[in-house]
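Single-structure report; data block below.
The values are calculated or read from the model by the stated rules, or taken from the named source; none is laboratory data. Small disclaimer: the values here were computed from a predicted structure and weren't measured. No Cβ is skipped: glycine too gets one built from the backbone with ideal geometry, and neighbour counts run over all protein chains shown.
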Amino acid sequence: MFTGLIREIATVNSYRNNILTIKSSYIAKIGDSIAINGVCLTVIKVNSDGFDLELADETRSIIDESKIRGRVHMEPAMQLDDRFEGHIVQGHVDCVGVVREIKSRSNATDFIIGVDSKHIAYIIPKGSITIDGISLTINDVYSDSFRLTIIPHTLRETLIKDYKIGTLVNIETDLFARYIDHILQFRTIQKSMSWDDVDKMQMSY
């Protein structure tokens, strides 16, 4: 589990054969879970200047490979005795969004992020979302996009300052919204069962 609070801007040294080599000051151990731009990965090798991580085929099929190049957000998994900030982040990317608009305000910057409309149900106004591993608050939600307002500190300390129109971002939607939707869908399926189905389930115990 992660919090969405970036601990370091690390650098990708190389990416080949599903192995991502990261240059970082963080002292990792083999088996550690580390989020790179919001993607939870496992340390398989420790190097003098960082560590290696392995990407599963499922992960590679969801993320855009531009998110594992150059400078990246890095967060090690949360420890049990850590102070809990941000929000509950799994490091499981749901989809890739795109920056559609950037608007400067008096003391903040608005970013409009486009996303496939099927994910909008899990993006809640004033709720939390993870963008490239960063825990952020959603201001407005539209039919296929949402608005974030980024304060100067976050802009200064993260790679959001480098975002442009067309930049792709890893998105992890709200954990609880996904869970609730899954439960409700499962209940709908259960309600459609016949009494014969119920009898068969009872007889199996």
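Summary table
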{"read-out": "Cβ pairs under 8 Å, 6+ apart, first in region 1-25 and buried (at least 17 other Cβ atoms within 10 Å of the Cβ), second among the polar types (S, T, N, Q) and assigned to a loop (DSSP other than H, G, I, E, B)", "value": "Phe2/Gln90; Ile6/Thr158; Ala10/Ser24"}
{"read-out": "Filtered residue count, region 26-38, keeping only those that are polar (S, T, N, Q) and either surrounded by 22 or more Cβ atoms within 10 Å (Cβ to Cβ) or assigned by TED's automatic domain parsing to the domain that holds Ile129 (or both)", "value": "1"}
{"read-out": "Flag for Leu41 being assigned to a strand (DSSP E or B) and either more than 16 Å from the chain's Cα centre (by Cα) or surrounded by fewer than 18 Cβ atoms within 10 Å (Cβ to Cβ) (or both)", "value": "no"}
{"read-out": "Options His92, His182, His119, His153; residue that is part of a loop (DSSP other than H, G, I, E, B) and out of contact with any helix residue (DSSP H, G or I) (no Cβ under 6 Å at 6 or more places or on another chain)", "value": "His92"}
{"read-out": "Which listed residue, of Asp64, Asp32, Asp81, is more than 24 Å from Tyr179 (Cβ to Cβ), modelled with pLDDT under 90 and within 20 Å of the chain's Cα centre (by Cα)", "value": "Asp64"}
{"read-out": "Any hit, region 49-58, residues being under 30 Å from Lys126 (Cα atoms) and in contact with a strand residue (DSSP E or B) (Cβ under 8 Å, 6 or more places away or on another chain)", "value": "no"}
{"read-out": "Single residue of Thr137, Thr109 found to be assigned by TED's automatic domain parsing to the domain that holds Gly166, surrounded by 15 or more Cβ atoms within 10 Å (Cβ to Cβ), modelled with pLDDT of 90 or more and hydroxyl-bearing (Ser, Thr, Tyr)", "value": "Thr109"}
